[in-house]
Amino acid sequence: MKDLSLHVLDLAQNAISAVADLVAISINEDAVSDRLTILIEDNGKGMPPELLASVKDPFVTTRTSRRIGLGIPLMLAACRRCDGDLEIVSSLGSGTKLTAVFRYSHIDRAPIGNMAETLVTLILCGINEKGSVDFVYTHMLNGRTFVFDTREIKAVLGADVSLTEPEVLAWINDYIKEGLANLHGGVQ
């Protein structure tokens, strides 16, 4: 995948499929320690130990529509290509926490990509048997932080307005882009 945001999209969709109602996505760009860390954590159904032990294998998937699961193996390859690694912690009934680490300055590290579009897409497809999934997106850059939380937007809009309304999605997209631009000193 050409951007890390596409990996985030794929892995967060796993959380939606795992019946999470809250998915936390965190990106920490730390130039001082030369580390980029992406964390995706959910409160879904979690994985049994035997699946967790083999989930990095591309020929292991819980999907019935295909026999290959490439999301985690592709993210793992992207991490290792950039002097990093991937860790997954999960337990049944408690959810899953995936941590991907990259050397920030590595020449082969893919750009982060368009996280605003990624989040808008997740909001659009973020419905499972529990209902609408909430997302908390935290982006840190050398000690500065931007946070977007769908629960706050829902509280302001009230129950009568859906986050999937086109005007709301456009506002969310612009809000995230502006927040990230400000985080990066006006340059995105």
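Scan the stretch 13-32 and tell me whether some residue there is under 20 Å from residue 117 (Cα atoms), assigned to a helix (DSSP H, G or I) and either among the aromatic types (Phe, Trp, Tyr) or touching a Pro at 6+ places or on another chain (Cβ under 9 Å) (or both).
no
State which residue pairs qualify: first residue more than 18 Å from residue 86 (Cα to Cα) and aliphatic (A, V, I, L, M) and inside the stretch 26-45, second residue at pLDDT below 95 and not in a strand (DSSP E or B) in any location, beta carbons under 8 Å apart, and separation of 6 or more residues or different chains.
Correct list of pairs: 31/142; 32/142.
Specify which of the listed residues (84, 126) is under 14 Å from the mean Cα position of the chain (by Cα), surrounded by 19 or more Cβ atoms within 10 Å (Cβ to Cβ) and not β-branched (Val, Ile, Thr).
Result: 126 is the single residue among 84, 126 that is under 14 Å from the mean Cα position of the chain (by Cα), surrounded by 19 or more Cβ atoms within 10 Å (Cβ to Cβ) and not β-branched (Val, Ile, Thr).
Report the residue count in the stretch 175-188 for those that are touching a residue at least 40 places away in the same chain (Cβ under 8 Å) and among the acidic types (Asp, Glu).
So the count comes out to 0.
When you scan the stretch 58-75, do you find a residue that is surrounded by 14 or more Cβ atoms within 10 Å (Cβ to Cβ), of a type in the set (S, T, N, Q), over 16 Å from the mean Cα position of the chain (by Cα) and modelled with pLDDT under 95, even just one?
yes
Considering only residues of the stretch 155-171 that are within 20 Å of the chain's Cα centre (by Cα) and under 22 Å from residue 21 (Cα atoms), which is surrounded by the most Cβ atoms within 10 Å (Cβ to Cβ)?
So the residue we want is 163.
Would you call residue 89 hydrophobic (A, V, I, L, M, F, W, C), under 29 Å from residue 53 (Cβ atoms) and in contact with an Asp or Glu (Cβ under 6 Å, 6 or more places away or on another chain)?
no
The values are calculated or read from the model by the stated rules, or taken from the named source; none is laboratory data. Just so you know, these numbers come straight off a predicted model, no measurement behind them. FYI the Cβ positions are ideal-geometry reconstructions off the backbone, even for glycines, and counts take in every protein chain you see.
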